[in-house]
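Undergrad: Encoded as structure tokens, here's the structure I'll be asking about.
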Amino acid sequence: MKEYATNKEAAVADSVSRSIKLAPSILAADFTRLGEQVAAAEAAGADRIHIDVMDGHFVPNISIGVPVVKSLRPVTKLPLETHLMIDNPDQFLEAFAAAGSDTLIVHWENNANLHRTIHEIRRLGKKAGVAINPATPAAVLAEILPDVDLVLVMTVNPGFGGQKFIESTLTKIRQVRQMIDERKLNCELEIDGGVDEATAPRGALAGANVLVAGSSVFNNKDNVAAAMERLRQSIA
Ligand code: DX5
Ligand code: ZN
């Protein structure tokens, strides 16, 4: 834990760290005991659960889908956010919504009709998020920003857990934070990929208010609670 010169300084740091949300990504969890791992994350103060859906086309990997969301829905009170790394997300929005996703995050890349997709998510009564890959500039968000609840800046190339945080994305996180603040939007800024004790404070300082963390929570030598506490301390 850090030392603060005054109580006021400590209180400010505490409120900043509390306003940052942690979203453990189950991609790195032990799937033979997924319910237990999610329960451990919930007990340790996770703010939401991040579920990575991959189709082997949009990204070079396959992961999980609707049945996993459906299984998790009754075992946690936490919001479930579903990160769709798939071609034709429109085809699956209704199924993920019905399975119990609270937020549906779709990518800007490869979607010629993103506005339609975002409004379809809203029509389904869900929160809508837009994700951008490391090579995609912040500027593409200008028109869609007022319509989304969340922007997800990928801090690795999507497709795999356990990758190294890409440093150059920090500049983009700052740019997106500025775009949100200038427009006075009530939009969350989430980062995803390579988030650990070293990179979490840097991402938070750049303006992220939601941190997705897979390996650093579930694939850690510590248990889930200790791993989450260390992550929280890193941004305190
Ligand atoms: C990557 C996924 C991430 C992944 C992050 O494509 O979107 O959510 O689970 O894993 P870590 O935290 O291990 O980089
Ligand atoms: Zn993700």
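Undergrad: Calculate the length of the line joining the C-alpha centroid of the range 30-101 to that of the range 180-236, in whole Å.
TA: Centre-to-centre distance over Cα atoms comes out at 18 Å.
Undergrad: Related question: In whole percent, how big is the carbon plus sulfur part of the accessible area of the chain, probe 1.4 Å, protein atoms only?
TA: Looking at the chain in its full context, I get 52 percent from C and S.
Undergrad: Give the relative contact order (percent, whole number) for the range 45-192; include only Cα pairs under 8 Å separated by 6+ residues. List each step's numbers first, then the result.
TA: Values: 247 pairs, mean separation 26.5, N = 148.
This gives 18 percent for the range 45-192.
Undergrad: How much accessible area does residue 122 have with a 1.4 Å probe, in Å² rounded to the nearest 10?
TA: Ignoring ligands and nucleic acids, residue 122 comes out at about 90 Å².
Undergrad: Another question, then. Give me the distance in nm between label points sitting 7 Å out from Cα along the Cα-to-Cβ direction at residue 66 and residue 94, one decimal.
TA: Result for the modelled spin labels: 1.0 nm.
Undergrad: Okay, moving on. With a cut-off of at most 16 other beta carbons within 10 Å, and DSSP calling the residue loop, which GluC sites (Glu not before Pro) in the range 171-236 qualify? Please list them.
TA: 197
Undergrad: For residue 77 paired with residue 102, estimate the spin-label separation in nm (one decimal), with each label point 7 Å from Cα along the Cα-to-Cβ line.
TA: Taking the simple label geometry, residue 77 and residue 102 are separated by 1.1 nm.
Undergrad: Averaging sequence separations of C-alpha pairs under 8 Å and six or more residues apart, then dividing by the length of the range 142-205, give the relative contact order as a whole percent.
TA: After rounding, I find 46 percent.
Undergrad: While we're here: With a sphere of radius 13 Å drawn around the Cβ of residue 40, what net charge do the other residues whose Cβ falls strictly inside it have (Lys, Arg +1; Asp, Glu -1)?
TA: Value of the local net charge: -4.
Undergrad: Rounded to the nearest 0.05, what FRET efficiency do residue 136 and residue 184 give with R0 = 30 Å and r taken as the Cβ-Cβ distance? Could you check?
TA: Numbers: r = 24 Å, r/R0 = 0.80.
It comes out at approximately 0.80.
Undergrad: Same structure again: Tell me, what HN-Hα J-couplings in whole Hz come from the Karplus equation 6.51 cos²θ - 1.76 cosθ + 1.60 at θ = phi - 60° for each residue of the range 219-228, using x for Gly and Pro?
TA: With the stated coefficients, the range 219-228 comes to 10, 10, 5, 7, 6, 4, 5, 5, 5, 5 Hz.
Undergrad: Let me ask another. Taking 25 Å as R0, compute the FRET efficiency from the Cβ-Cβ separation of residue 87 and residue 39 and round it to 0.05.
TA: Once rounded, the FRET efficiency stands at 0.15.
Undergrad: Here is a further query. Would you mind listing how long the chain runs along its three principal axes, going by Cα atoms, in whole Å with the largest first?
TA: Principal axes ranked by extent give 54, 44, 30 Å for the Cα atoms.
Undergrad: Taking the DSSP beta bridges in the chain as the whole, what percent of them are antiparallel, to the nearest 5?
TA: Close to 5 percent.
Undergrad: Please report the relative contact order for the range 58-137, taking Cα pairs under 8 Å with a sequence separation of at least 6, and give it as a percent rounded to a whole number. All intermediate terms of the calculation are to be shown ahead of the outcome.
TA: Numbers: 96 pairs, mean separation 22.6, N = 80.
After rounding, I find 28 percent.
Undergrad: For the chain, report the accessible area per residue in Å² (1.4 Å probe, heavy atoms, rounded to an integer).
TA: 47
Undergrad: Taking 0.36 nm per intervening residue step and subtracting the Cα-Cα distance, what contour gain separates residue 168 from residue 109 on full extension?
TA: Value of the extension gain: 19.4 nm.
The values are calculated or read from the model by the stated rules, or taken from the named source; none is laboratory data. Nothing here was measured: the structure is a model prediction, and the numbers come from that model. When we count neighbours, we look across all protein chains shown, and the Cβ atoms used for this are built from the backbone with ideal geometry, even at glycine. Note: areas computed on protein heavy atoms with side chains; ligands, DNA, RNA excluded. Shrake-Rupley method; radii C 1.70, N 1.55, O 1.52, S 1.80 Å.
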